[in-house]
1. Mind listing whichever residues of segment 97-116 are touching a residue at least 12 places away in the same chain (Cβ under 8 Å) and either among the polar types (S, T, N, Q) or outside any helix (DSSP H, G or I) (or both)?
2. Against the condition at pLDDT below 85 and surrounded by 13 or more Cβ atoms within 10 Å (Cβ to Cβ), how does D142 come out, does it pass?
3. Restricting attention to segment 30-54, report how many residues are more than 19 Å from the chain's Cα centre (by Cα) and surrounded by fewer than 16 Cβ atoms within 10 Å (Cβ to Cβ).
4. Any idea which residue in segment 6-21 is modelled with the lowest pLDDT, counting only those that are touching an Asp or Glu at 6+ places or on another chain (Cβ under 6 Å) and hydroxyl-bearing (S, T, Y)?
5. Would you check if there is a residue in segment 243-260 being of a type in the set (D, E) and either modelled with pLDDT under 60 or open to solvent by less than 40 Å² (accessible area, probe 1.4 Å) (or both)?
6. So E279 passes all but one of these: (1) surrounded by fewer than 20 Cβ atoms within 10 Å (Cβ to Cβ); (2) modelled with pLDDT of 90 or more; (3) touching a helix residue (DSSP H, G or I) at 6+ places or on another chain (Cβ under 7 Å). Which condition number does it fail?
7. Test of understanding: among L163, L170, which residue is of a type outside the set (K, R), modelled with pLDDT of 65 or more and either open to solvent by 90 Å² or more (accessible area, probe 1.4 Å) or under 24 Å from S36 (Cβ atoms) (or both)?
Amino acid sequence: MAVYSMTGYGSAQQQGVGSTPETQRPGRRLGLELRSVNSRFLDLSLRLSDELRAQEPQLRALLTRRLKRGKVELRAFVEEGDDGVLAHPSVPLLQQLGALQDGVLSWLPQAPPLSVADALRLCSQLGAPRQDWGDAVQQLADQALDALIEARGREGERLVAMLVERVQALRALALQAQPLVPELVAQQRQRFLQRWADAMGLAQGDAPSEAAQERALSEATAFALRIDVAEEITRLQGHLDEIERLLHKGGEVGKRLDFLIQELHREANTLGSKSATMELTRISVDMKVLIEQMREQVQNIE
């Protein structure tokens with residue numbers, strides 16, 4: 001399965017739309033646009049022109065069925081173009097408008113009278129056959145949604161490539177840190193024993209007691225265990241294995257990836273806090289930079 005981003009755009013339009021020959025107009029255009037960005041859940045926002053408001057339940061059902069996450073905005077509209085031909089208003093419609101205007105002016109004498117443009121516009125609306133937009137809107141919504149999902153898929157491929165690159169870089173840093181661990185532990189153990197001897201006043205050649213020697217050895221071992229980062233490196237590599245597995249599997253992996261990124265950051269922080277050398281500190285900082293880059297991109301994955 002593919003990995004999809006939550007960022008994308010899709011659109012579709014139909015010219016001369018109409019459900020019957022009487023309602024078809026060459027200049028009329030039905031358009032539908034879809035935009036999506038990242039979000040924790042599926043957040044739908046529909047902006048429909050007045051003629052299309054009745055289609056909102058069907059459009060919401062379609063989006064919910066095919067999308068799982070993302071802040072999605074759908075805009076659908078009807079544009080009445082200039083066909084170059086003005087229809088003659090019927091006499092009954094003009095008479096009806098005149099009667100309505102007289103009734104309004106009798107109550108609101110200061111109201112302006114209807115202009116010729118007002119009369120033509122109202123007559124075109126009142127005299128137009130009733131339009132059923134259901135099939136046309138559904139068809140355009142499917143087309144725009146296909147384009148949106150395709151765009152999200154292309155962006156998802158780019159995100160996967162970037163994440164795999166960062167995973168490989170983190171593995172390389174972990175390999176740099178691994179040889180340092182036993183050497184670091186041995187150095188710190190020896191350094192601790194030397195400091196213990198100095199503190200006990202043994203530098204003048206006094207022989208330490210057996211109890212003091214055992215206590216020093218025990219403290220040195222405990223200190224070495226506290227600074228041993230082998231476990232953190234092992235867990236970090238395990239998280240990287242799981243990230244690669246999810247990217248290969250595909251599907252709705254965004255939330256799991258987000259959790260694993262948090263775990264990676266925790267291991268890198270622990271590695272830095274335990275570090276007793278500048279080299280391990282540098283590796284920890286480089287890891288955190290890569291993990292932060294991954295975290296920003298994982299936020300966009302569905």
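The values are calculated or read from the model by the stated rules, or taken from the named source; none is laboratory data. Here the structure is a predicted model, which is why all the values come from computation and not from measurement. All Cβ positions, even for glycine, are placed from backbone atoms using ideal geometry, and neighbour counts span all protein chains on display. These accessible areas exclude ligands, DNA and RNA; they are computed on the full protein's heavy atoms, side chains included. Shrake-Rupley method; radii C 1.70, N 1.55, O 1.52, S 1.80 Å.
1. Correct list: Q101, P113, L114.
2. Values: at pLDDT below 85: no; surrounded by 13 or more Cβ atoms within 10 Å (Cβ to Cβ): yes.
No; evaluated as a whole, the condition is false for this residue.
3. The total comes to 6.
4. Ranking the qualifying residues of segment 6-21, first place goes to S19.
5. The first filter runs over segment 243-260 and keeps only residues of a type in the set (D, E), leaving 244, 252, 258.
Those still in the list that are either modelled with pLDDT under 60 or open to solvent by less than 40 Å² (accessible area, probe 1.4 Å) (or both) too: none.
Within segment 243-260 (the criterion being of a type in the set (D, E) and either modelled with pLDDT under 60 or open to solvent by less than 40 Å² (accessible area, probe 1.4 Å) (or both)), the answer is no, since none of the residues qualifies.
6. It fails just one condition, (2).
7. Details: L170 fails: either open to solvent by 90 Å² or more (accessible area, probe 1.4 Å) or under 24 Å from S36 (Cβ atoms) (or both).
Just one listed residue meets the conditions, L163.
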